[in-house]
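The values are calculated or read from the model by the stated rules, or taken from the named source; none is laboratory data. Computed from a predicted structure; not experimentally measured. Please note: Cβ atoms are built from the backbone with ideal geometry, for glycine as well, and neighbour counts cover all protein chains shown. Keep in mind that these areas ignore ligands, DNA and RNA; they rest on the heavy atoms of the full protein, side chains included. Shrake-Rupley method; radii C 1.70, N 1.55, O 1.52, S 1.80 Å.
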Amino acid sequence: MQTLLADLRFGLRFFRKNPSFTIIAILALALGIGANTALFSVVDAVLLRPLPYGEPDRLVAVWENAKIGGTPNNTPAPANFLDWKKDNQVFEDMACTKGDSANLTGDGTPENLIGRRSTPNLFSVLRVKAAIGRTFTEEDDRSTERIMLISNGLWQRRFGADPSIVGKSVQMDGQQTTIIGVMPQGFYFPTSRIDYWIPFRMSAEEAARRNSHYLQVVARLKPGISVEKAQSAMDTIGQRLQTEYPKSNRGLGVSVIPALEQLTGSTGTALWILLGAAGFVLLIACANVANLLLAKAIGRQREIAVRQALGAGRARLIRQMMTESVLLSLLGGLLGVGLAAFSLQVIRDLVPPAMKASATISIDPKILGFALALSVLTGILFGAGPALWSGRGDLHDLLKQGGRGGVGARGIFRDVLVIGEVALALVLLVGAGLLIRTLQSIYALDLGFRSGSLLTMTTRLPSIKYADPDKRVQFYDAVLDRVRAIPGVESAAYSSNLPFTTQGNSNSVNVEGLTLSPDADASALYRISTPNYLETLGVKLLEGRLYGREDHEQAPAVVVVNETFKKSFFGNQSPLGRRITTDSTGVRRTIVGVVGEVRERGFAPALRAAVYLPLVQNKLGWAIPDTIVIRTKTPPLNLAPAVRAAIWSIDSEQPISLIRTMDEIIDSDVADRKQQMTMLGAFSVLALILAALGIYGVLAYAVSQRTREIGVRMALGAHAIDVVRMVAAGGLKLVGLGLLIGGAAAFTLSRSMTKILYGVEPSDPTTYALVAVVLLTVAVLACVIPACRAASVDPLVALRDE
């Protein structure tokens, strides 16, 4: 222990005597360790911590595989779910939920809550019990009593964590509903946005539906059953249902997805990639610090030789050097933890939306332990090489040299470090470049509407208060009349779904007089809206007309379709005047217009056929408009208070939520990619700077070691340009080797990014070429200063110094 304390004191004295070296080394290490610590905190919260369910590894999500319609993970129909549950031999049990929402009124501000209708076995499948009260029973599912379970978040936010909440009634959509339990803190299903759960109470009519797809299914694998085996078994069931029900199940398979993969999606892949990128930055920092230590070790050769002469063994010297390295790394790690804590607010955006409200990211003891272990490992990593090289050679020669040393093996070692830095920097730059190209590809897509100057907000009408469809229409008309009268409003309309807000909500369609091939997709996105909706969005009309006030309830039923619908069902022929059915009512609707493609489902999903129908002719359907969209002449959010007041002037108890501009909605679709690109780009820039410093350091050291040689060359007639070329060539040779190795590594590693790329291949030659040019340009600049310094050597001074 005394020896260790002596080594620590000696190391601290050395750091105080060399402040520039110490500050540079600690900063480089802090950036690398801090980045790794911050990202590990996200990886731990999202991917490593167990999900809030019992034995979560055995939980899977089960979807309809509707690849034929461009939706491989589609919400199942009730009848299909019941067949899956009855016929499978791979699951212990299966449960389902469907979306629900309700307005909570009474004490406090009216609030729209997001909930789920759940089969009574949901919580037993998840193996989760209520923290207070109880969950559902089979009797609850058969009863008509209005009951609900609430989330821990709602319990704390709305009810002040009242311990006596169980048994109390609240107003949900104007009806008394009894709270029977509160779920545990940290629990969520299917996402962390859910406020409550109510019994499903599936009717016999609903249980027979195969053409309505809206369920979310979760299942628990039997012990010993793998996901692959479950997928194979469900494929068999899916094929049988296609044969038995060709009209509804044609081309409809089954997808089995592990629960963690379902929740994280492509974000899990992105997090591992970013953590790997942070690791690369740390390796580059280690290489730089190792180079600094080598340079210092050469300057300390006389000191080391004296210690050897006084009896210090080689093992004792190595231990001293390693103690200094680990101490330096711990100081860098301490600063790095501070940087990581400072960055937590930024990196929270990396959490998948489904887990955002529940995943806790903090610098807890586990993260501190990771940072400590990483700091020690880092110190050993960058300190081992310089420590092993220190004191090598003949003691007499070392004393005589007075601290000077040749290039030799140390020079080769430093060259290898620089080659590695360049290779790692290239890998990071390629990754950032591919994400930049992805965003360019995404933003180059035509939205199909004008997103600027659009304000949106949700006003979900309670089903009891507005059970009469005519009363709903009266509400919409009254609100729109008030909103259109607000100064600065150009137009306004209500719709069941805005672009970029859902990937589903489709219905089966049938074209009069048209027989489709067995593998054709006979469904379309289903959108209900008030007149002027498509005009408000700014959708391009290609043929015919849009629906308006003339298409009232007594007028012939009409529908507007998009270009994909036209191409899918009519090819190059005009669909105007053709009649189709779009729902179970069997009403034949005449196509009166064709509009351009609208990115209804977001940027990445493929375009699908879509139908747009006027509300007054479709008041009884499931697609009830609940979102108002307003085109403004002024900044949209400036009008939000006036619009809110207009809505409350019609119904003062109506909750208003999700007040956003359309640009905000669109940006949220690529927010994860933007965050990933920003972080990977920051790592790449840091790696580029560190690599440039590494190249500069090696060349500067080489020039200092070859001063006499350069002086001799210039005394014999060499020109300055010859010296510049000689020095720069040495640096560019290292860069060239780094580019070759890094290119091969990037070509291999970029394959892991396939899930998060769009419109660009992992091997995109343009990205590789641009990255190589950038890296080579920076490398040339890093070579210039040492080369110019070498060219300015005075031969007489250099030879006299020798």
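Per-structure values
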{"quantity": "Selected residue [open to solvent by 10 Å² or more (accessible area, probe 1.4 Å) and under 20 Å from F91 (Cα atoms)] from R58, R9", "calculated": "R58"}
{"quantity": "Failed criterion for F280 (all others in (1) modelled with pLDDT of 85 or more; (2) open to solvent by less than 40 Å² (accessible area, probe 1.4 Å) hold)", "calculated": "(2)"}
{"quantity": "Criterion: touching an Asp or Glu at 6+ places or on another chain (Cβ under 9 Å) and either open to solvent by 30 Å² or more (accessible area, probe 1.4 Å) or closer than 30 Å to R644 by Cα (or both) - qualifying residue of F413, F475", "calculated": "F475"}
{"quantity": "Where a residue in segment 479-493 is in a loop (DSSP other than H, G, I, E, B) and its partner, wherever it lies, is of a type in the set (S, T, Y) and surrounded by fewer than 21 Cβ atoms within 10 Å (Cβ to Cβ), with Cβ under 8 Å and at least six apart", "calculated": "G488/T634"}
{"quantity": "Filter result (under 32 Å from the mean Cα position of the chain (by Cα) and of a type in the set (D, E)) within segment 605-651", "calculated": "D626"}
{"quantity": "Residue that is farthest from V427 (Cα to Cα), among those in segment 744-756 that are open to solvent by less than 20 Å² (accessible area, probe 1.4 Å) and of a type outside the set (S, T, Y)", "calculated": "I756"}
{"quantity": "Unmet criterion (only one of (1) surrounded by fewer than 19 Cβ atoms within 10 Å (Cβ to Cβ); (2) farther than 20 Å from A493 by Cα; (3) polar (S, T, N, Q)) for S649", "calculated": "(2)"}
{"quantity": "Residue ranges of helices (runs of 4 or more DSSP H) in segment 127-238 with at least 3 members crowded, with 18+ Cβ neighbours inside 10 Å and not basic (K, R)", "calculated": "152-159"}
{"quantity": "Test: F382 is aromatic (F, W, Y), at pLDDT 70 or above and open to solvent by less than 40 Å² (accessible area, probe 1.4 Å)", "calculated": "yes"}
{"quantity": "Yes/no for R117 being within 34 Å of the chain's Cα centre (by Cα) and basic (K, R)", "calculated": "yes"}
{"quantity": "Yes/no for G336 being among the small types (G, A, S), in a helix (DSSP H, G or I), within 25 Å of the chain's Cα centre (by Cα) and modelled with pLDDT of 85 or more", "calculated": "yes"}
{"quantity": "Hey, D551 acidic (D, E), under 22 Å from S491 (Cα atoms) and in a loop (DSSP other than H, G, I, E, B) or not", "calculated": "yes"}
{"quantity": "Number of positions in segment 749-764 that are closer than 15 Å to G276 by Cβ and modelled with pLDDT of 90 or more", "calculated": "1"}
{"quantity": "Among residues of segment 474-513, those that are under 39 Å from the mean Cα position of the chain (by Cα), among the β-branched types (V, I, T) and farther than 18 Å from S657 by Cβ, counted", "calculated": "3"}
{"quantity": "Tabulated pairs, segment 749-773, first in contact (Cβ under 8 Å) with a residue 40 or more places away in the chain, second open to solvent by less than 70 Å² (accessible area, probe 1.4 Å) and charged (D, E, K, R), C-beta under 7 angstrom, 6+ apart or interchain", "calculated": "I756/R673"}
{"quantity": "Selection count, segment 445-469, where residues are surrounded by fewer than 19 Cβ atoms within 10 Å (Cβ to Cβ) and free of Cβ contacts under 8 Å to residues at least 24 places away in the same chain", "calculated": "2"}
{"quantity": "Selection count, segment 420-468, where residues are closer than 30 Å to M172 by Cα and aliphatic (A, V, I, L, M)", "calculated": "5"}
{"quantity": "Test: G602 is within 38 Å of the chain's Cα centre (by Cα), in contact (Cβ under 8 Å) with a residue 40 or more places away in the chain and within 30 Å of K633 (Cβ to Cβ)", "calculated": "yes"}
{"quantity": "P518 vs. criteria at pLDDT 90 or above and part of a loop (DSSP other than H, G, I, E, B)", "calculated": "no"}
{"quantity": "Residue under evaluation G694, criteria (1) modelled with pLDDT of 85 or more; (2) open to solvent by less than 20 Å² (accessible area, probe 1.4 Å); (3) of a type outside the set (A, V, I, L, M); (4) assigned to a helix (DSSP H, G or I), criterion not met", "calculated": "(1)"}
{"quantity": "Those residues of segment 59-114 which are modelled with pLDDT under 85, among the β-branched types (V, I, T) and closer than 30 Å to S169 by Cα, in sequence order", "calculated": "T105, T109"}
{"quantity": "Selected residue (criterion: most open to solvent (accessible area, probe 1.4 Å)) from residues of segment 588-638 that are of a type in the set (S, T, N, Q) and part of a strand (DSSP E or B)", "calculated": "T590"}
{"quantity": "Any chance L546 is farther than 16 Å from T627 by Cα, out of contact with any Phe, Trp or Tyr (no Cβ under 6 Å at 6 or more places or on another chain), in a strand (DSSP E or B) and open to solvent by 20 Å² or more (accessible area, probe 1.4 Å)", "calculated": "no"}
{"quantity": "Check on I710, assigned to a helix (DSSP H, G or I), modelled with pLDDT of 70 or more and among the β-branched types (V, I, T)", "calculated": "no"}
{"quantity": "Any chance L739 is part of a helix (DSSP H, G or I), more than 26 Å from the chain's Cα centre (by Cα) and modelled with pLDDT of 85 or more", "calculated": "yes"}
